[in-house]
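Reviewing the structure listed below.
The values are calculated or read from the model by the stated rules, or taken from the named source; none is laboratory data. As the structure is a computational prediction, the values presented were derived from the model and not from experiment. In this analysis, Cβ positions are derived from the backbone assuming ideal geometry, glycine residues included, and neighbour counts consider all displayed protein chains.
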Amino acid sequence: MGVELERLQVEYDGPVARIWMNRPDLRNAFDGLMITELRRVLFDLRTVDAVRVVVLGGRGPSFCAGADLQWMKAMAAFTREENLREAQALADLFFTVYESPKPIVARVHGAALGGGCGLVAACDIPVAALGTQFGFTEVRLGILPAVISPYVVGKIGESAARELFLTGERFEAVRALEIGLIRAAVPEEDLDAAIEGRVKELLQAGPHAIAEAKALIREVAWRRVEDVQRYTVERIAEIRTTAEGQEGMRAFLEKRKPYWMP
C-alpha cells in the first residue's frame, strides 16, 4: 500500500484501516482520480490479512457531496464512449465497496449527496450524525442515479426510491434511518464512539466467517427459498470444517475466546 495518494488518507490502527476522502474544501466531491484511488485502496485491502475492518469517512465538513463540478463540466463535453468509460469506473467503485470481503463501516456526517449517498448504500454499516443531509439529487440536474441504484434500492426498497429518486429532495439522518439507508443516527459528538462500537462488535466475529456471510447475503437476497436451500446447506457444511469454524466451535464449548477475538 505504498502508492502515493492525492485524494485519500489511509491510517492503520491495529486490525482497522481508516480511509479518509481528503478533499475537504470541495466537500470530498468525486472526480476521476478519487474514484480510481478509492477503488484501488479497497481492492488492495482485500488481501491484507492484518486488516479486518475498514472505516470510510470524509475529512472536513462533509462525508461526500457527490460529483465534483469541474469533473461534471468536463463530462458535459464527453462523447458517449467517454461517458461509458467514466460511468463504468464509478460502477466498478461501488461494486468494489459492496463485495469487499472486509466489512466496511461508513462514518457519515455533513452531507452525502448523489454518488456520496450511493457510497453510503454500498457500505455494510453506515452510521450518521444527526442533521446529516442526504439526497439522490441527480434528477434535478436532468440525469439519473443510475449506477448507485442497485445498492440504494437494495437498502431502501422500491417505495422509498420512487419518492426520493423522482423528487431529488434532501432528507436528514432520521429519515435515512427510517428507510434503512443507514443503520444508526447519533449526535455528531457521539459519532466516533458509535463507529468504534460497531468496529468492536465486528472484531468479535471470525474474519473468514464475515467474508462468507457477505457472500451468502449476496447469493440469497431476492431469491426463492427453494432455489437457494441446497446452496445454504453446502455452505454451512463446508464452513464447519474450516480451521476457523472448528476453532470457533471449540472455543465456545471450552468457554474461551477464539484466537481472532481481541
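List the pairs whose first member sits in the stretch 221-246 and is on the phi < 0 side of the Ramachandran plot, whose second member is assigned to a helix (DSSP H, G or I) and β-branched (Val, Ile, Thr), and whose Cβ atoms are under 6 Å apart, counting only residues at least 6 apart or on separate chains?
Val228/Val220; Gly245/Ile239
Which condition does Arg223 not pass, out of (1) assigned to a helix (DSSP H, G or I); (2) of a type in the set (Lys, Arg); (3) not assigned by TED's automatic domain parsing to the domain that holds Arg52, if it passes all the others?
Of everything listed in (1) assigned to a helix (DSSP H, G or I); (2) of a type in the set (Lys, Arg); (3) not assigned by TED's automatic domain parsing to the domain that holds Arg52, Arg223 misses just condition (1).
Tell me, which strands (runs of 3 or more DSSP E) lie completely within the stretch 94-200 with 3 or more residues that are surrounded by fewer than 21 Cβ atoms within 10 Å (Cβ to Cβ)?
Because the criterion is at least 3 residues that are surrounded by fewer than 21 Cβ atoms within 10 Å (Cβ to Cβ), the strands (runs of 3 or more DSSP E) in the stretch 94-200 that meet it are 170-172.
May I ask you to verify whether Arg218 is out of contact with any strand residue (DSSP E or B) (no Cβ under 6 Å at 6 or more places or on another chain) and without any contact (Cβ under 8 Å) to a residue 24 or more places away in the chain? I'd like the intermediate steps shown before the answer.
Numbers: out of contact with any strand residue (DSSP E or B) (no Cβ under 6 Å at 6 or more places or on another chain): yes; without any contact (Cβ under 8 Å) to a residue 24 or more places away in the chain: no.
So Arg218 does not fit the description; no.
Among the residues of the stretch 88-107, how many are at pLDDT below 95 and in contact with a Phe, Trp or Tyr (Cβ under 9 Å, 6 or more places away or on another chain)?
Number satisfying all stated conditions: 1.
Quick one: which residue in Gly142, Gly110 is at pLDDT 95 or above, among the small types (Gly, Ala, Ser) and assigned by TED's automatic domain parsing to the domain that holds Asp68?
Only one candidate qualifies: Gly110.
Those residues that are over 24 Å from Leu203 (Cα atoms) and either surrounded by fewer than 19 Cβ atoms within 10 Å (Cβ to Cβ) or not charged (D, E, K, R) (or both), I need them from the stretch 8-30; list them, please.
Result: Leu8, Asn22, Pro24, Asp25, Leu26, Asn28, Ala29, Phe30.
Taking Lys257, is it farther than 30 Å from Asn83 by Cα and out of contact with any helix residue (DSSP H, G or I) (no Cβ under 7 Å at 6 or more places or on another chain)?
In short, no.
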